[in-house]
Amino acid sequence: MRTLKIFLAVIFAWAIVFVPAQVYAEVTTVILVRHGETPYNAVKRYQGHLDIPLNETGLKQAQLLAKSLKDYPIDVFISSPLSRAYVTTQTVAKAHGATIAYTDDRFREVDYGDWSGQYVADLKVKYPEQFKLWQERPWLITFPNGENLRDMQYRGRAALEDAVAKYPGKTIFIGAHSHINTVLLCSVLGLDPEHFKQIRQNNTCVNVLKYEDGVWQLVLLNSVAHLGSLTLESGVMK
């Protein structure tokens, strides 16, 4: 009986020392990034699902981003299929001698519907009441023939959870867009979309999230340190 007690005590002690270490070592890191600047960003024109490429500034921003992350170990690269996000992600992946694992439509920017391709100045005239709502209470608007923030948040969070489940314990780079990033950050932090306007996402900004045992932590938000003098040129238009 005494031998059995000693044996059980040893097993219990082993479990305390080793099992938690194995469980808590499974930390997944997500590097969530917004794409570089596009011609539409530069002139305050809405893009949404339109596939607008990076401009010269955006390409340079992507290169600076890649340079800043080249020595940081990244296991997997995932991107929105839209070229502005894809090229940004691809540029960073190449610096690591890697390729994009897959694209996910759910990481696309919000669907602006009839607002796509429109200039901000024109929308103020064409849709005065809706534009005011978008500026003051954005979580309440559904874009004409488009979607709303909650729809986007739902699809984006599902894509994020799928990526983390597929690559547990890895470092995952996700190249996406301003608004999808913002609603994802609100979601993992337990914030309602009402806080949407309080989170800024500059071109090629870096957000770092840690996921462990069902809990998300925000480690870095909207960092554009890699841009140096270009920082102030990074607009917030999508």
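The values are calculated or read from the model by the stated rules, or taken from the named source; none is laboratory data. All values reported here derive from a predicted model rather than from experimental measurement. FYI the Cβ positions are ideal-geometry reconstructions off the backbone, even for glycines, and counts take in every protein chain you see.
Can you tell me which residues in the range 95-150 are touching a helix residue (DSSP H, G or I) at 6+ places or on another chain (Cβ under 7 Å) and farther than 22 Å from S80 by Cα?
Residues satisfying the conditions are L123, K124, F131, L133, P138, W139, L140, I141, P144.
Can you tell me which residues in the range 71-81 are farther than 12 Å from F173 by Cα and either of a type in the set (D, E, K, R) or over 14 Å from the mean Cα position of the chain (by Cα) (or both)?
D71
Using beta carbons and a limit of 6 Å, which pairs, at least six apart or on different chains, have the first residue in the range 63-90 and part of a loop (DSSP other than H, G, I, E, B) and the second one modelled with pLDDT of 95 or more and of a type in the set (G, A, S)?
K70/A95; S80/A176
Every residue in the range 192-225 that is without any contact (Cβ under 8 Å) to a residue 24 or more places away in the chain and not aliphatic (A, V, I, L, M), please.
Answer for the range 192-225, where residues must be without any contact (Cβ under 8 Å) to a residue 24 or more places away in the chain and not aliphatic (A, V, I, L, M): H195, Q198, G214, Q217, N222, S223.
For the structure I just gave you, tell me whether V33 is in contact with a Cys (Cβ under 8 Å, 6 or more places away or on another chain) and modelled with pLDDT of 95 or more. Spell out the reasoning first.
Values: in contact with a Cys (Cβ under 8 Å, 6 or more places away or on another chain): yes; modelled with pLDDT of 95 or more: yes.
So V33 passes the test.
Out of everything in the range 72-114 that is surrounded by fewer than 21 Cβ atoms within 10 Å (Cβ to Cβ) and in contact with a Pro (Cβ under 9 Å, 6 or more places away or on another chain), what residue ends up being nearest to P53 (Cα to Cα)?
Once the filter is applied, the top-ranked residue is S83.
What's the total number of residues in the range 45-67 that are surrounded by fewer than 18 Cβ atoms within 10 Å (Cβ to Cβ) and under 18 Å from I172 (Cβ atoms)?
0
Output the number of residues of the range 28-55 satisfying the condition of being outside any loop (DSSP other than H, G, I, E, B) and touching a residue at least 60 places away in the same chain (Cβ under 8 Å).
11
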